[in-house]
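K.L.:
Submitted below is the structure of interest, expressed as structure tokens.
The values are calculated or read from the model by the stated rules, or taken from the named source; none is laboratory data. If you're wondering where the values come from, they're calculated on a predicted model, not measured in any experiment. Don't worry about glycine lacking a Cβ; one is built from the backbone with ideal geometry, like all the others, and counts go over all protein chains shown.
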Amino acid sequence: MSESHETPDAFEATRTEKLRRIESLGLDPWGGRFDNALPIARIRDLPADLPEEQRPQVRAAGRIILRRIAGKIHWLEIQDWSGQRTRRAMKSKEHAGTEDDAWSSYVQVMIGQKQVGEQGWALAQEFDLGDIVGVDGTFGKTKTGELTIFATKLHPLGKSLLPHPDKVKGMQDIEYRLRHRYLDLLYTPETLERTLSRVRIIRAIRNYLDGLGFVEVETPTLHAIAGGAAARPFITHHNALDIKLYLRIALELHLKRLLVGGIEKVFEIGRVFRNEGISPKHNPEFTMMELYQAYGDYRVMMDITEGLIVACVKLLTAGKSELKLPYGERLIDYTPPFRRASYAELFREHVGVTIDDADGVRVAAEATGFPTAGKHHDVLVHYLFEEKVEDKLAGPVFVHDYPASLCPLTKRKAGNPNIAERFELYIDGMELANAYTELNDPITQEATFRQQLAGLPEEDSMAKMDEDFVRALKHGMPPAGGLGVGIDRLVMLLTNTQTIRDVILFPLLRSQ
RNA sequence: GGAGGCGUAGCUCAGUCGGUAGAGCAACGGACUUUUAAUCCGUAGGUCCUGGGUUCGAGCCCCAGCGCCUUCACCA
């Protein structure tokens, strides 16, 4: 790839020469602080039909995305990030009547030889697609009606020494887009839109939780024991202490320590790392939101989850009366209340046998070809649920009351020690949220840590003894509800994105 | 990790039966003071992912490797 060549190729050499020519005009091609530029979207809102003498004076800064040269006039289109994607009508003879995706934050610039002076005109000769320029001028319309800044002065603000993607076709190659995300943001409108939506969604979550009195904290990402979830961790090493460390796989155990410490409503939005496979739904590092509320339980968490998601959906459906957003082929209805159904209920609905029917469950599992020998009943149940139920949960649906053996960090349901007070929220077959009535009994906790589930290898179970955490519980943790939400998947769902790599700006790729 | 697909100019893509490597855009030179994905004339640009093999001859066929995509497994 040309970026990695030590000797600049012909393209770069030509543009470096232009750079020198700009310098020889007494200008800095890289510019500097540039005050008082109006966002282009705002400029486009200014009155444009005034007589020439009354046109407003404006200053803009942006990237050159289109350049047309007609002798002693140059036409530029410059773009900044201030707008939203719109369809614009094409005006050329060849494409008249068709439309094109564009940012409403582009604006045409007219550079006339007589209007910009000798130095400005000389500078304009050195412009290229991809350059960043500042423009002073008056704002109005050309005689063909195009919103235009009629330039009186030009300011070089940054040269592009490498060629940009095709001005029409943009970027199609997925790998190229991921490895050059900065170009993807410029030339694929959806990429910037999704990025900004993600920011707004996360801000909406913060605002919502702040309104409920939760406080946000930051806990360590380097753990001596990677607990709180069932996943393989990344392993690293601290040189000075000469100790093995793990990148965290969950936020849970530290946040619960904070419950012990009297922080009664606490949450964290943070990166967690799982050394597992990569897929359209899995990136090795991803963002989790976990929250804990003292004196709450999983029913409280259900209400918070629903409120939180509805708050996000309202943000994205602003102005519309219905809380519906498309995802793929489906239109998902987020109107509360979401359906609530127990694990056993859904199991019977989709598997066809009741959950306590040991023989029935075994037969059903064997019918799918699953090796059942030596497997605990609950392992078979869990397998069947994942195999036959999860994908069918169009949702939004809260699946609650899980078999207790699957949830070692969860409090048992009062009066039924085999049921854990836990729910997961499913939307379009995706697990979006996971919540518990947390276990605050250190004796049970310690025993559960030690207990191994029949048929599960050690690294796949959550039974990782964390003595420091148990010691914390022994000082007294209030009963609490806890909730975890996969932020990336939530953003996927709400922005109608099919792959996690498009809601993460820089997903992991093999280095080249 | 398994299976399948893809990899050609800076970008987007053609490339027939195995027979001299193509287009549009971008770039370079020229014309043009109202263009709209400007237009017109001209020029240059290639490790056809890499390495082997078959063949008189390979972008194309075979083998191996690398990267990406899809899917399965693991996981959220």
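K.L.:
Looking at A:T98, A:T152, A:T138, A:T144, which is the one that is among the polar types (S, T, N, Q), within 22 Å of A:P189 (Cα to Cα) and assigned by TED's automatic domain parsing to the domain that holds A:T14?
P.N.:
A:T98
K.L.:
Which residue pairs have Cβ atoms closer than 6 Å, lie 6 or more positions apart in sequence or on different chains, and pair a first residue in the stretch A:261-286 that is within 20 Å of A:R510 (Cβ to Cβ) with a second residue that is assigned to a strand (DSSP E or B) and more than 9 Å from RNA strand B (Cβ to nearest atom)?
P.N.:
Cβ pairs passing all conditions: A:F273/A:L247; A:E285/A:R271.
K.L.:
Kindly provide the set of residues from the stretch A:294-338 that are outside any helix (DSSP H, G or I) and under 20 Å from A:R203 (Cα atoms), ordered by number.
P.N.:
Those that are outside any helix (DSSP H, G or I) and under 20 Å from A:R203 (Cα atoms): A:T317, A:A318, A:G319, A:L323, A:L325, A:Y334.
K.L.:
Looking at the stretch A:375-419 only, could you name the residues that are in contact with a Ser or Thr (Cβ under 8 Å, 6 or more places away or on another chain) and of a type in the set (G, A, S)?
P.N.:
A:A404
K.L.:
Kindly check whether there is at least one residue in the stretch A:46-68 that is under 19 Å from A:S160 (Cα atoms) and free of Cβ contacts under 8 Å to residues at least 40 places away in the same chain.
P.N.:
Among the residues of the stretch A:46-68, at least one is under 19 Å from A:S160 (Cα atoms) and free of Cβ contacts under 8 Å to residues at least 40 places away in the same chain, which makes the answer yes.
K.L.:
Somewhere in the stretch A:406-414, is a residue modelled with pLDDT under 95, of a type in the set (K, R) and not assigned by TED's automatic domain parsing to the domain that holds A:I225?
P.N.:
Checked the stretch A:406-414: no residue is modelled with pLDDT under 95, of a type in the set (K, R) and not assigned by TED's automatic domain parsing to the domain that holds A:I225.
K.L.:
Of the conditions (1) within 31 Å of the chain's Cα centre (by Cα); (2) of a type in the set (K, R); (3) more than 16 Å from RNA strand B (Cβ to nearest atom), A:R59 fails just one. Which one is it?
P.N.:
Answer for A:R59: the failing condition is (1).
K.L.:
Inspect the stretch A:30-43 for any residue being within 26 Å of A:D184 (Cβ to Cβ), touching a residue at least 60 places away in the same chain (Cβ under 8 Å), within 14 Å of RNA strand B (Cβ to nearest atom) and small (G, A, S) and give the result as yes or no.
P.N.:
No - not one qualifying residue is present in the stretch A:30-43.
K.L.:
When you look at A:T144, is it crowded, with 20+ Cβ neighbours inside 10 Å and more than 34 Å from the chain's Cα centre (by Cα), yes or no?
P.N.:
No.
K.L.:
I'd like to check something: does the stretch A:113-120 contain any residue that is surrounded by fewer than 19 Cβ atoms within 10 Å (Cβ to Cβ), outside any strand (DSSP E or B), among the polar types (S, T, N, Q) and within 9 Å of RNA strand B (Cβ to nearest atom)?
P.N.:
Yes.
K.L.:
Another question, if that's okay. Answer yes or no: is there a residue in the stretch A:5-20 that is under 35 Å from the mean Cα position of the chain (by Cα), assigned to a helix (DSSP H, G or I), on the phi < 0 side of the Ramachandran plot and in contact (Cβ under 8 Å) with a residue 40 or more places away in the chain.
P.N.:
The answer is yes, given that some residue of the stretch A:5-20 is under 35 Å from the mean Cα position of the chain (by Cα), assigned to a helix (DSSP H, G or I), on the phi < 0 side of the Ramachandran plot and in contact (Cβ under 8 Å) with a residue 40 or more places away in the chain.
K.L.:
While we're on this one: Tally the residues that are within 16 Å of RNA strand B (Cβ to nearest atom) and part of a strand (DSSP E or B), restricting the search to the stretch A:467-491.
P.N.:
The qualifying residues number 5.
K.L.:
Residue check: is A:Y176 without any contact (Cβ under 8 Å) to a residue 60 or more places away in the chain, near RNA strand B (Cβ under 8 Å from one of its atoms) and either closer than 24 Å to A:P507 by Cα or not in a strand (DSSP E or B) (or both)?
P.N.:
yes
K.L.:
Scan the stretch A:325-339 for residues that are closer than 13 Å to A:I309 by Cβ and touching a Phe, Trp or Tyr at 6+ places or on another chain (Cβ under 8 Å) and jot them down.
P.N.:
A:L325, A:F338
K.L.:
Could you say which residue among A:R68, A:R44, A:R87 is basic (K, R), touching a strand residue (DSSP E or B) at 6+ places or on another chain (Cβ under 7 Å) and closer than 10 Å to A:G140 by Cα?
P.N.:
Step by step, each of A:R68, A:R44, A:R87 is checked, and only A:R44 is basic (K, R), touching a strand residue (DSSP E or B) at 6+ places or on another chain (Cβ under 7 Å) and closer than 10 Å to A:G140 by Cα.
K.L.:
Would you be able to tell me the number of residues in the stretch A:359-392 that are assigned to a helix (DSSP H, G or I) and among the aromatic types (F, W, Y)?
P.N.:
2
Every residue, every condition in (1) near RNA strand B (Cβ under 6 Å from one of its atoms); (2) at positive phi, yes or no:
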{"site": "A:A124", "(1), (2)": "no, no"}
{"site": "A:D128", "(1), (2)": "yes, no"}
{"site": "A:D136", "(1), (2)": "no, no"}
{"site": "A:G145", "(1), (2)": "no, yes"}
{"site": "A:F150", "(1), (2)": "no, no"}
{"site": "A:P165", "(1), (2)": "yes, no"}
{"site": "A:D184", "(1), (2)": "no, no"}
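Rundown of residues vs (1) touching a Gly at 6+ places or on another chain (Cβ under 8 Å); (2) closer than 29 Å to A:E252 by Cα; (3) surrounded by fewer than 17 Cβ atoms within 10 Å (Cβ to Cβ), yes/no style:
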site: A:L325; (1), (2), (3): no, no, no
site: A:E329; (1), (2), (3): no, no, yes
site: A:Y334; (1), (2), (3): no, yes, no
site: A:R348; (1), (2), (3): no, no, yes
site: A:A365; (1), (2), (3): no, no, no
site: A:P371; (1), (2), (3): no, no, yes
site: A:E390; (1), (2), (3): yes, yes, yes
site: A:G415; (1), (2), (3): no, yes, yes
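K.L.:
Hey, among the residues in the stretch A:69-96 that are more than 10 Å from RNA strand B (Cβ to nearest atom) and exposed (fewer than 13 other Cβ atoms within 10 Å of the Cβ), which one's nearest to A:L183 (Cα to Cα)?
P.N.:
A:Q84
K.L.:
Among the residues of the stretch A:121-139, is there at least one that is part of a helix (DSSP H, G or I) and crowded, with 18+ Cβ neighbours inside 10 Å?
P.N.:
Checking the stretch A:121-139: at least one residue is part of a helix (DSSP H, G or I) and crowded, with 18+ Cβ neighbours inside 10 Å.
K.L.:
Look through the stretch A:425-448, keep the residues that are out of contact with any strand residue (DSSP E or B) (no Cβ under 7 Å at 6 or more places or on another chain) and among the acidic types (D, E), and return whichever of them is surrounded by the fewest Cβ atoms within 10 Å (Cβ to Cβ).
P.N.:
Residue satisfying both the conditions and the ranking: A:D441.
K.L.:
I would also like to ask the following. Can you pull out the residues in the stretch A:477-512 that are in contact (Cβ under 8 Å) with a residue 60 or more places away in the chain and basic (K, R)?
P.N.:
A:R489, A:R501
K.L.:
Further question: Among A:L222, A:L192, which is the only one that is more than 30 Å from A:T16 (Cα to Cα), in contact with a Phe, Trp or Tyr (Cβ under 8 Å, 6 or more places away or on another chain) and either more than 15 Å from RNA strand B (Cβ to nearest atom) or among the basic types (K, R) (or both)?
P.N.:
A:L222
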